[in-house]
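**Student:** Please read through the structure below; I'll follow up with questions.
A short reminder: the numbers here are calculations on the coordinates, not readings from a lab. Nothing here was measured: the structure is a model prediction, and the numbers come from that model. Note that each Cβ is placed from the backbone with ideal geometry, even for glycine, and that neighbours are counted across all protein chains shown.
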Amino acid sequence: MNIKEICPVHKKCGGCHYQGVSYEEQLRVKEKMVGKLMGKFCKVHPIVGMENPYHYRNKVHAVFDRDRRGNIISGVYKEGTHQVIPVESCMIEDQLADAIIGTIRKLCKSFKIKTYDEDTGYGLLRHVLVKRGFATGQVMVVLVTGSPVFPSRNNFVKALRKEHPEITTIIHNINDKRTSMVLGEREKVMYGKGYIEDILCGKKFRISAKSFYQVNPVQTEVLYKKAIEAAGFTGKEHVIDAYCGIGTIGMIASDHVASVVGVELNRDAVRDAIGNAKANGIKNVRFVCDDAGKFMVKLAAAAQKDADIKVPDVVLMDPPRSGSDEAFLKSLVKMGPETVVYVSCNPVTLERDVKWLEKNGYKAKGVWPVDMFPFTVHVETVVLLSHKKPDGHINVKVEFGEGEGKVPLDNIAKRA
Ligand code: SAH
């Protein structure tokens, strides 16, 4: 695929490093990067790229501001600054989302809505976030403002929906803090259900404004299928899905295993996960709202004391860019699941964690890079690790039965 066009704002935006570089070349560079970091452990399989690497992002975020002449602009912060670079269209963002953001710029003018000034704290509109379920067509718009009062809110919503009848929910999020975080704590639903749904690997997922959802659903299916295939489930396994977000990987795995416990720090994501299990009629999965490391420490300690508490056979882990932490990895090793499938969005922290696991009883068996973020330097990777001595771990199991048996820890969220 020959890529000739160059994004006019790529230097200031800093999002897409590969400009004018063919997609094949981008894939080669990423494969080489993963190979360099991970090749010393085991075989690195060829990277899986996209058929169409454009407009894959289902989530688009725009900062709102004014230019020197007072015109409303929206776009991204210039890399490393708080100066807003106007963006009207983007080669990797969903085009409908970009069009909706353009309409909001226009409506701000006609409704005389002021944009928020980060220096003075005056003005209203700070950010707009658009999320779209590619498989369902549902669209969420989040309007982030610096104060709770949204003048002419009903008319604004009406006008926005008139131009974009495809919008299924509109949320008003209030962020009155001087912070670089986009979303504030409080939110009010202005229109619709307050969430959207999407379908991944045949299962429906509910997504809130604040919960994490993979931004490239086409490649997410490729990634999840690879992770589940790598785990080699037989139907008997008790699984932990750590850093589970809205529960996607664990729920997709749930058909192939005995039970899943998902662990996630974000409360909204856990609420979505519980709702998702219920909506999909999945009975063998539970969710815990906790720090994944703390949860593993508690589980390992509880399992050591009580032989009825089962430790997992398989741990699926998908930590943020910073990777996992010592508490998590140490407790993982203590419990010694036979299989660990590590899904990573940062090969540098992945290499660090896998190196540690290789020194502590595990062997990497395969590495599969997946290109989730064409034109950017980011790459996603699945690694399969097996315990070197399957009998070396504590031979106790977490019990998942309802009514009988033991619940692993008291803060396990109620079964959906
Ligand atoms: N597996 C999910 C989410 C992966 S993103 C998916 O594929 O969609 C990483 C997730 O880890 C986010 O949902 C984030 O909220 C969560 N997270 C970050 N730090 C955490 C921690 N210390 N403990 C538990 N979850 C954490």
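**Student:** About its Cα centre, how strong a charge dipole does region 216-411 have in debye, to the nearest 20, once Lys and Arg get +1 and Asp and Glu get -1 at the Cβ? Walk me through the numbers on the way to the answer.
**Tutor:** Numbers: 24 positive and 27 negative charges, 85 e Å.
Result for region 216-411 is approximately 400 debye, rounded to the nearest 20.
**Student:** Once fully extended, how much extra length lies between H17 and K236, figured as 0.36 nm per residue of separation less the alpha-carbon to alpha-carbon distance?
**Tutor:** Working: separation 219, 0.36 × 219 = 78.84 nm, distance 4.44 nm.
Full-extension gain reported as 74.4 nm.
**Student:** Quick one: putting +1 on the C-beta of Lys and Arg, -1 on the C-beta of Asp and Glu, what dipole do you get for region 59-200 around its Cα centre, in Debye to the nearest 20?
**Tutor:** On the way: 22 positive and 17 negative charges, 123 e Å.
Approximately 600 debye in magnitude.
**Student:** Taking other Cβ within 10 Å of each residue's Cβ, how do R321, R66, R271, R57 sort, fewest first? Before the final figure, lay out each step's value.
**Tutor:** Details: R321 10, R66 15, R271 19, R57 23.
Ordered by Cβ neighbours within 10 Å, fewest first: R321, R66, R271, R57.
**Student:** In addition: Starting from the Cα of R178, step 7 Å toward the Cβ, then list every residue of region 136-159 with an amide N under 17 Å from that point.
**Tutor:** What the label zone holds, given the 17 Å backbone N cut-off, is 146-147.
**Student:** Does region 216-411 classify as rounded, prolate or oblate by the C-alpha gyration tensor (a ≥ b ≥ c root eigenvalues; a/c under 1.5 gives rounded; else a/b over b/c gives prolate, otherwise oblate)? Intermediate results must be reported in sequence, preceding the final value.
**Tutor:** Details: a/c = 1.61, a/b = 1.18, b/c = 1.36.
Oblate.
**Student:** Quick one: Debye curve from the C-alpha atoms of region 56-161, no solvent, what's log10 I(q)/I(0) at q = 0.12, 0.15, 0.16, 0.23 Å⁻¹?
**Tutor:** -0.39, -0.62, -0.70, -1.37
**Student:** If a/c stays under 1.5 just call it rounded; otherwise compare a/b with b/c (prolate if a/b is bigger, oblate if not). Do that for region 1-90, with a ≥ b ≥ c from the square roots of the Cα gyration tensor eigenvalues. Walk me through the numbers before you get to the answer.
**Tutor:** Working: a/c = 2.90, a/b = 2.23, b/c = 1.30.
Prolate, because a/c is 1.5 or more and a/b exceeds b/c.
**Student:** Can I ask one more? Give me the angle, in degrees from 0 to 90, between the Cα long axis of helix 326-335 and the longest principal axis of the Cα atoms of the chain, rounded to the nearest 10.
**Tutor:** The two axes meet at around 30 degrees.
**Student:** Answer with one residue from I252, A364, T349: the one whose Cα lies farthest towards the positive end of the charge dipole of the chain, charges on Cβ with Lys, Arg +1 and Asp, Glu -1.
**Tutor:** T349
**Student:** Same structure, new question: Suppose the chain between K388 and K78 were pulled fully straight at 0.36 nm per residue; how much longer would it get relative to their current alpha carbon spacing?
**Tutor:** Details: separation 310, 0.36 × 310 = 111.60 nm, distance 4.77 nm.
Gain in length upon complete extension: 106.8 nm.
**Student:** Relative contact order for the chain: what percent, with Cα pairs under 8 Å and sequence separation of 6 or more? Working shown, then result.
**Tutor:** Details: 914 pairs, mean separation 60.9, N = 416.
RCO, the chain: 15 percent.
**Student:** List the residues whose amide H sits under 5 Å from the amide H of Y191, counting only those 5 or more places along or on another chain, with H placed 1.01 Å from N in the peptide plane.
**Tutor:** So Y191 has HN proximity to I170.
**Student:** Suppose every Lys and Arg Cβ carries +1 and every Asp and Glu Cβ carries -1, with no other charges. What dipole size does the chain come out with about its Cα centre, to the nearest 20 debye?
**Tutor:** On the way: 62 positive and 49 negative charges, 158 e Å.
Using Cβ point charges on Lys, Arg, Asp and Glu, the chain gives about 760 debye.
**Student:** Now, a different point. Which shape class applies to region 251-316: rounded if a/c is under 1.5, otherwise prolate when a/b exceeds b/c and oblate if not, where a ≥ b ≥ c are the square roots of the Cα gyration tensor eigenvalues?
**Tutor:** Details: a/c = 2.44, a/b = 1.38, b/c = 1.76.
Oblate shape, in that a/c is at least 1.5 and b/c is the bigger or equal ratio.
**Student:** Next question. Rounded to the nearest 0.05, what FRET efficiency do D255 and R28 have when you use their Cβ-Cβ distance and R0 = 35 Å? Mind dumping the intermediate values first?
**Tutor:** On the way: r = 35 Å, r/R0 = 1.01.
Computed FRET efficiency for D255 and R28: 0.50.
**Student:** In percent, what relative contact order does region 140-255 have, based on Cα pairs under 8 Å that are 6 or more apart in sequence? Don't skip to the answer; put the middle values down first.
**Tutor:** On the way: 142 pairs, mean separation 23.4, N = 116.
Relative contact order comes out at 20 percent.
**Student:** Tell me, rounded to the nearest percent, the portion of alpha carbon pairs in the chain spaced more than 35 Å apart. Walk me through the numbers on the way to the answer.
**Tutor:** On the way: 28392 of 86320 pairs.
Value for the chain (Cα pairs over 35 Å): 33 percent.
**Student:** Calculate how steeply helix 153-163 sits against the longest principal axis of the alpha-carbon atoms of the chain, using the helix alpha-carbon long axis, and give the answer as 0 to 90 degrees to the nearest 10.
**Tutor:** Approximately 90 degrees, to the nearest 10.
**Student:** Shifting gears a bit: Applying 1/(1 + (r/R0)^6) with R0 = 41 Å to the Cβ-Cβ distance of N52 and V297, what FRET efficiency is obtained, to the nearest 0.05? Show your work: numbers first, answer last.
**Tutor:** On the way: r = 44 Å, r/R0 = 1.07.
My answer for the efficiency is 0.40.
**Student:** Going 7 Å from the Cα of E326 along its beta-carbon direction, which residues of region 343-377 have the amide nitrogen within less than 19 Å of the resulting point?
**Tutor:** 349-361
**Student:** Still on this model: When we measure straight from the Cα of K294, which lysines land under 20 angstrom away, once same-chain ones fewer than 8 places off are left out?
**Tutor:** K305, K310, K330, K334, K397, K406, K414
**Student:** Sticking with this structure for a sec: What full-extension length gain, to one decimal in nm, is calculated for K365 and K109 as 0.36 nm per residue of separation minus the Cα-Cα distance?
**Tutor:** 86.4 nm
**Student:** Once Lys and Arg get +1 and Asp and Glu get -1 on their Cβ, which of A242, T339, G20 lies farthest toward the positive end of the dipole of the chain?
**Tutor:** Towards the positive end, the residue furthest out is G20.
**Student:** Helix-only mean residue ellipticity at 222 nm, the chain, DSSP H runs n ≥ 4 weighted -39,500 (n - 2.57), per residue, nearest 500. What is it?
**Tutor:** Details: 10 runs with 118 residues, N = 416.
Rounded to the nearest 500, it is -9000 deg cm²/dmol.
**Student:** From a point 7 Å beyond the Cα of K204 in the direction of its Cβ, which residues of region 158-197 have a backbone N at a distance under 13 Å?
**Tutor:** The answer is 196-197, whose backbone nitrogens lie closer than 13 Å to the label point.
**Student:** Then there's this: With axes computed from alpha carbons, what is the tilt in degrees of helix 347-359 against the longest principal axis of the chain, rounded to the nearest 10 within 0 to 90?
**Tutor:** Relative to the chain, helix 347-359 is tipped by roughly 10 degrees.
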